[in-house]
1. Rounded to the nearest 500 deg cm²/dmol, what is the calculated helix-only ellipticity per residue at 222 nm for the chain, with -39500 (n - 2.57) per DSSP H run of length n ≥ 4?
2. Provide the FRET efficiency to the nearest 0.05 for the residue 94-residue 134 pair, computing r from the beta carbons and using R0 = 22 Å.
3. Normalised radius of gyration for the range 3-84, please: alpha carbon Rg relative to 2.2 N^0.38 Å, two decimal places.
4. Give me the log10 of I(q) over I(0) for the range 2-144 at q = 0.19 Å⁻¹, as the Debye formula computes it from C-alpha points; what are the numbers?
5. So which trypsin sites (Lys or Arg not before Pro) in the range 1-96 pass both tests, a DSSP loop state and at most 11 other Cβ atoms within 10 Å of the Cβ?
6. Can you give the FRET efficiency to the nearest 0.05 for residue 37 and residue 1, using r as the Cβ-Cβ distance and R₀ = 41 Å?
7. Cα to Cα, under 22 Å, and not fewer than 8 places away if on the same chain: which lysines meet these conditions relative to residue 85?
8. With unit charges on the beta carbon (Lys/Arg positive, Asp/Glu negative), name the residue among 15, 123, 40 whose Cα is farthest towards the positive pole of the charge dipole of the chain.
Amino acid sequence: MVTLTEINADNWYECCQLQLTKEQEAYMEPNAVSIAQSKFQPSLKAYAIYHYKQMAGFLMFNSEPEELGGHWVYRIMIDQAFQGKGIGKQATSLMIAEMEKLPGVKNIVVGYHPDNMGAHRLYKSLGFVDHGDRFGKEMAVVKPLKTLPRVK
């Protein structure tokens, strides 16, 4: 069972202790940097990912739209001890469900290094599409959300 809990005074330090593999460290900022960023940019929503009652990862997204007309995912990471168990995919699905509740959300966008094949497989499996958008060293993939017809 995977759940999301907002980063708070009780769990932030444990989240900072989560570790990626050495190979993955080249693709992502430390969780401490992301948590600090969320304190200065209030539209960023930071969550701990729990697998049952154990913290297994971290994610963060912007609750306001940015480039490509979308709400951006800033971080998704799973601690190396929990990788390969489907936790990242479940957590990403939960995050998408949270983001779909945001007012005016049309697209969810995530950027990642093109060599990060794990991220590539994950996002492709969840319906993200590469339209060739690049931002520095990262590629951006987009998941268009179904918009409901307006009630008149």
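1. The per-residue figure over the chain is -7500 deg cm²/dmol.
2. Once the sixth-power term is evaluated, E becomes 0.20.
3. Ratio of Cα Rg to 2.2 N^0.38 Å: 1.07.
4. -1.20
5. In loop regions of the range 1-96 (DSSP not H, G, I, E or B), the sparsely surrounded trypsin sites (Lys or Arg not before Pro) are 53.
6. 0.90
7. Straight-distance partners of residue 85: 22, 53, 124.
8. The Cα lying farthest towards the positive end belongs to 123.
Every number here is computed from the coordinates shown, using simple stated rules; none is lab data. These numbers come from a predicted model, not from an experiment. So basically every Cβ, Gly included, is an ideal-geometry build from the backbone, and we count neighbours across all protein chains shown.
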